[in-house]
Structure formats: C-alpha cells, structure tokens
Amino acid sequence: MRNWRMSLARFMYGRYGLDKLYYALLIAYVIIMIPGMIFQLRIIYWIGNALLIYMFFRVFSRNIYKRQQENYRFTKAWSRFTDFRTHVYHTCPNCHATLRFPRKAGKFPVVCPKCSHHFNIRNWL
C-alpha cells in the first residue's frame with residue numbers, strides 16, 4: 001500500500017491538482033449527466049464527456065501558471081456572483097474602475113480610490 005501511494009505522489013509531483021474550478025466542473029458534470037442518463041440524449045452525453053476530459057486535463061497539467069489563472073478568473077467571477085445580495089457594483093465615470101459598495105437604498109457621494117474623482121451613485125434596493 002505504501003509503495004502505491006509513493007508512486008502516485010511521484011507521478012503527481014509538478015502537476016496542478018484539484019482546485020475550486022475542478023469542483024465546480026465536477027458539479028456541472030453531475031448535473032448534466034443526470035438528465036443525459038434519464039433521457040438518453042447523445043449531445044448531453046458528449047458534453048458531459050468533454051467536461052470530464054477537461055477536468056482531468058486540468059488536474060494532470062504541468063502548466064501550473066495557466067491553471068492558476070483559470071482558477072483565479074473563476075473565483076473572481078464566482079465571488080461577484082455570490083455577493084449580489086449584499087453588494088452592488090458601479091463604475092467610475094472618470095477612470096472606469098469597478099467599485100464595490102454595500103447594497104443600501106439611496107443616493108450617496110463617492111470618491112474613487114483610484115483617481116480621486118467625486119461623483120454620486122444611486123442604489124435602488
């Protein structure tokens with residue numbers, strides 16, 4: 001048993017491994033494959049297999065930098081998606097920087113931290 005674990009550890013050395021994007025793809029795979037098995041649609045079967053191949057490609061990839069960038073973009077998009085109930089995003093009219101504010105109804109004066117431009121935002125609950 002110990003030799004098997006050591007050989008697996010040697011094989012995975014220098015490879016990317018698992019991350020949040022892998023788990024999201026795994027959940028998407030399961031969600032896609034359940035209707036595919038029920039209705040036996042070939043297109044869903046092929047989409048699910050493509051997801052599975054991409055998941056394993058990411059796990060065994062040696063290009064760690066690119067996989068980290070993919071995971072960073074996914075986690076950034078996911079965090080914006082999950083905090084839509086508590087925060088709202090506005091862009092600065094001067095430098096077009098994206099600013100994040102707590103979700104409160106009303107009109108508020110704002111100073112952009114990037115360019116120090118003063119402007120007002122209006123939040124609709």
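Readers should treat all values here as calculations from the given coordinates under stated rules, not as data from a laboratory. No experiment lies behind these values; they were computed from the predicted model shown. Positions of Cβ are backbone-derived with ideal geometry, glycine not excepted, and every protein chain shown enters the neighbour counts.
Observations on the model:
- In the stretch 57-87, the qualifying residues are those that are out of contact with any helix residue (DSSP H, G or I) (no Cβ under 9 Å at 6 or more places or on another chain) and among the hydrophobic types (A, V, I, L, M, F, W, C), and the one that is nearest to TRP124 (Cα to Cα) is PHE84.
- Restricting attention to the stretch 6-24 and to residues that are of a type outside the set (Asp, Glu) and touching a Lys or Arg at 6+ places or on another chain (Cβ under 8 Å), the residue that is surrounded by the most Cβ atoms within 10 Å (Cβ to Cβ) turns out to be TYR16.
- Restricting the stretch 1-59 to residues that are among the β-branched types (Val, Ile, Thr) and touching a Leu at 6+ places or on another chain (Cβ under 9 Å) leaves a set whose member that is nearest to PHE74 (Cα to Cα) is VAL59.
- Here is the figure for the stretch 81-116: residues that are loosely packed, with under 11 Cβ neighbours inside 10 Å, within 30 Å of ALA24 (Cα to Cα) and among the aliphatic types (A, V, I, L, M) total 0.
- Of all residues in the stretch 88-104, those that are of a type in the set (S, T, N, Q) and within 19 Å of TRP124 (Cα to Cα) total 2.
- Filter pass, LYS76 being under 30 Å from PHE119 (Cα atoms) and either surrounded by 11 or more Cβ atoms within 10 Å (Cβ to Cβ) or free of Cβ contacts under 8 Å to residues at least 12 places away in the same chain (or both): yes
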